[in-house]
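Here is the structure we will look at, set down as structure tokens.
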Amino acid sequence: MPSVMIRQTADGKLSFYVAKKDLEETIDTMEFSTAEKWGGEVKLTDGSLFYIDPMPAPKLPTTIRAKKM
Amino acid sequence: MTTMTREETEALINEVLEVYPADSKEERAKHLMANDSSLEKASKCITSNRKSLPGVMTIRGCAYAGSKGVVWGPIKDMIHISHGPVGCGQYSRAGRRNYYVGTTGVDTFGTMNFTSDFQEKDIVFGGDKKLAKLIEEVETLFPLNKGISVQSECPIGLIGDDIEAVSKKAAKELNKPVVPVRCEGFRGVSQSLGHHIANDAIRDHMLEGVEKKEGGPYDVSVIGDYNIGGDAWSSRILLEEMGLNVVAQWSGDGTVEEMKACPQVKLNLLHCYRSMNYISRFMEEKYGIPWLEYNFFGPTKIAESLRAIAAHFDDKIMEGAERVIAKYQPLMQAVVDKYKPRLEGKKVMLYVGGLRPRHVIGAYEDLGMEVVGTGYEFAHNDDYDRTVKEMGNATLIYDDVTGYEFEEFVKKIKPDLIGSGIKEKYIFQKMGIPFRQMHSWDYSGPYHGYDGFAIFARDMDMAINSPTWSGMKAPWLAGAEAPAAKAVNE
Ligand code: SF4
């Protein structure tokens with residue numbers, strides 16, 4: 001379960017940054033993205049899948065746990 | 001614009017890889033590509049940040065070089081101890097030309113080399129006592145230092161010394177930051193992990209406990225400009241001229257106070273993304289300070305960057321940016337008018353470090369030159385994502401290029417200029433190809449900002465159009481077809 005930092009990029013996308021691996025990817029799709037429910041299954045542009053426990057939308061950037069699927 | 005088609009570039013890559021054993025060939029093939037500028041993600045076509053293959057000549061450095069040499073070393077009012085044998089520090093001392101103001105040996109220590117000079121007995125019995133004594137001596141001899149960092153070299157990690165404990169004790173006694181940095185050379189695959197470790201040490205020891213302060217409305221910081229040949233100075237004057245207040249600039253010509261002042265700024269301006277993105281991300285998360293990558297190479301990119309920076313502020317700053325751009329426009333036109341006719345159409349190959357393989361492309365293009373090949377020593381995926389957009393289609397991109405590959409590429413592509421480091425310089429000059437060191441600016445500089453561009457243009461002209469190149473062939477071999485070089489003052 002790596003710690004990832006999610007931040008908003010200048011072009012309005014979300015970036016997914018795994019500090020441990022120095023890996024920066026863009027989030028392609030995210031299952032939930034409303035103010036009350038945010039997270040779920042996350043697909044990155046390189047095709048890999050992660051899972052973030054759904055939560056109320058956090059203030060970005062934020063560091064959270066994501067599970068590799 | 002490029003002279004090679006995609007097929008030709010791919011054929012060249014295959015041809016060069018031919019000599020490798022099957023395994024190495026397969027591995028190296030992943031690090032070479034013919035550019036496709038329509039790609040969103042470069043990772044499909046190029047692999048980076050992998051261990052170099054045994055047996056090939058890599059041009060990379062080590063984690064210690066990334067931490068001591070790049071990130072920590074230029075903080076001028078601290079003493080950076082190269083902890084371990086004497087060589088690592090001594091052979092890299094002052095090599096990066098990070099300029100600073102101050103009295104060396106009194107209140108600033110940038111070009112000095114402090115080392116614990118490990119001997120056999122320190123390896124056998126451990127060096128913690130020696131380190132404690134060294135810190136004491138440093139404090140007695142140089143009482144005006146504002147802090148000390150302990151930069152571990154390889155043996156420290158191998159023998160398991162506890163530099164954290166020594167540093168913690170010393171910090172308490174001296175009431176100054178004493179920062180242990182676990183940047184042993186063997187960590188990671190290149191200097192890149194050293195940058196990361198160094199950033200983490202800044203976070204844990206310099207910004208620890210520093211709260212967000214209310215600063216002025218135009219406070220900014222310049223991060224990741226190492227002031228090589230004065231680069232940061234020729235950058236900050238532009239920011240100040242447009243109305244911003246640069247409260248911190250590091251690590252080039254940087255100080256402890258400036259690092260601690262960072263949490264008050266409105267915007268962190270990031271020059272070298274590769275080596276300082278970590279601390280910028282941290283400040284964004286902890287203090288809510290946005291960061292912006294900028295590029296001050298060549299008038300086109302400078303104007304783009306100044307506008308992007310200004311867009312984070314109000315109308316006053318935006319007008320300021322326009323005013324600065326307009327003020328320097330005639331000067332830049334004069335530079336272009338003078339040098340473009342001498343440099344137009346010349347082809348350049350680059351192989352450098354963190355940001356220059358993509359950032360200087362615009363400056364060459366401003367002079368009518370074309371970058372036909374580029375590559376990084378220690379980039380990651382995200383760097384290549386940013387690079388593919390800057391480079392022409394079908395141009396050659398190489399990651400962690402080996403000495404052999406680089407030479408073969410150059411023989412085939414025959415560029416008019418190569419920009420790389422000191423280890424490559426003499427090989428290519430002996431092959432008769434003009435060369436500029438793009439790490440240290442070949443003892444020249446600055447190259448950033450408007451003032452820097454004038455120097456950059458002059459230096460490139462000096463390298464390419466030097467009459468030396470007409471003397472490469474012995475007169476009796478030259479015959480009638482000897483190329484006549486342009487005299488510099490023609
Ligand atoms: S790899 Fe180790 S021994 Fe070599 S320069 Fe780096 S820290 Fe020193």
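Of note:
- Looking only at the range B:347-370, and only at residues there that are in a strand (DSSP E or B) and open to solvent by less than 10 Å² (accessible area, probe 1.4 Å), the one that is nearest to B:VAL71 (Cα to Cα): B:VAL352
- Qualifying residue in the range B:374-381 (condition: closer than 21 Å to B:SER192 by Cβ, surrounded by fewer than 24 Cβ atoms within 10 Å (Cβ to Cβ) and within 14 Å of chain A (Cβ to nearest Cβ)): yes
- Out of B:PHE406, B:PHE435, sole residue that is open to solvent by less than 10 Å² (accessible area, probe 1.4 Å), of a type in the set (Phe, Trp, Tyr) and over 17 Å from B:ILE464 (Cβ atoms): B:PHE406
- Residues that are of a type outside the set (A, V, I, L, M) and in contact with a Cys (Cβ under 8 Å, 6 or more places away or on another chain) are absent from the range B:227-249 altogether.
- Any chance B:ARG28 is of a type in the set (D, E, K, R), within 14 Å of another protein chain (Cβ to nearest Cβ) and away from the ligand (no atom under 16 Å from the Cβ): no
- Whichever residue in the range B:43-82 is within 9 Å of the ligand (Cβ to nearest atom) and away from chain A (no Cβ under 14 Å) and, among such residues, is farthest from B:ILE135 (Cα to Cα): B:GLY61
- In the range B:438-450, residue surrounded by the fewest Cβ atoms within 10 Å (Cβ to Cβ) [restricted to those that are touching a strand residue (DSSP E or B) at 6+ places or on another chain (Cβ under 7 Å) and outside any loop (DSSP other than H, G, I, E, B)]: B:ASP442
Yes/no matrix, rows are residues, columns are (1) among the acidic types (Asp, Glu); (2) within 16 Å of the ligand (Cβ to nearest atom); (3) within 14 Å of chain A (Cβ to nearest Cβ); (4) outside any helix (DSSP H, G or I):
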| position | (1), (2), (3), (4) |
| --- | --- |
| B:LYS176 | no, no, no, yes |
| B:ASP204 | yes, no, yes, no |
| B:GLY215 | no, no, no, yes |
| B:VAL220 | no, no, no, yes |
| B:GLY224 | no, no, no, yes |
| B:SER234 | no, no, no, no |
| B:ILE237 | no, no, no, no |
| B:GLU240 | yes, no, no, no |
| B:TRP250 | no, no, no, yes |
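- Of the residues screened, B:ALA165 is not one that is within 16 Å of the ligand (Cβ to nearest atom), more than 14 Å from every other protein chain (Cβ to nearest Cβ) and open to solvent by 30 Å² or more (accessible area, probe 1.4 Å).
- Residue satisfying all of: in the range A:11-39; open to solvent by less than 20 Å² (accessible area, probe 1.4 Å) and under 9 Å from the mean Cα position of the chain (by Cα); nearest to the other protein chains (Cβ to nearest Cβ) among these: A:TYR17
- Just one residue in the set B:ASN113, B:ASN98 is more than 14 Å from chain A (Cβ to nearest Cβ) and within 16 Å of the ligand (Cβ to nearest atom); that residue is B:ASN113.
- When B:PRO155, B:PRO85 are checked against the criterion of being touching a helix residue (DSSP H, G or I) at 6+ places or on another chain (Cβ under 9 Å), in a helix (DSSP H, G or I), at pLDDT 95 or above and within 16 Å of the ligand (Cβ to nearest atom), a single residue qualifies: B:PRO155.
The values are calculated or read from the model by the stated rules, or taken from the named source; none is laboratory data. Computed from a predicted structure; not experimentally measured. With ideal geometry, Cβ positions are generated from the backbone for all residues, glycine too; neighbour counts draw on all protein chains shown. Surface areas here come from the heavy atoms of the whole protein model, side chains and all, with no ligands, DNA or RNA. Shrake-Rupley method; radii C 1.70, N 1.55, O 1.52, S 1.80 Å.
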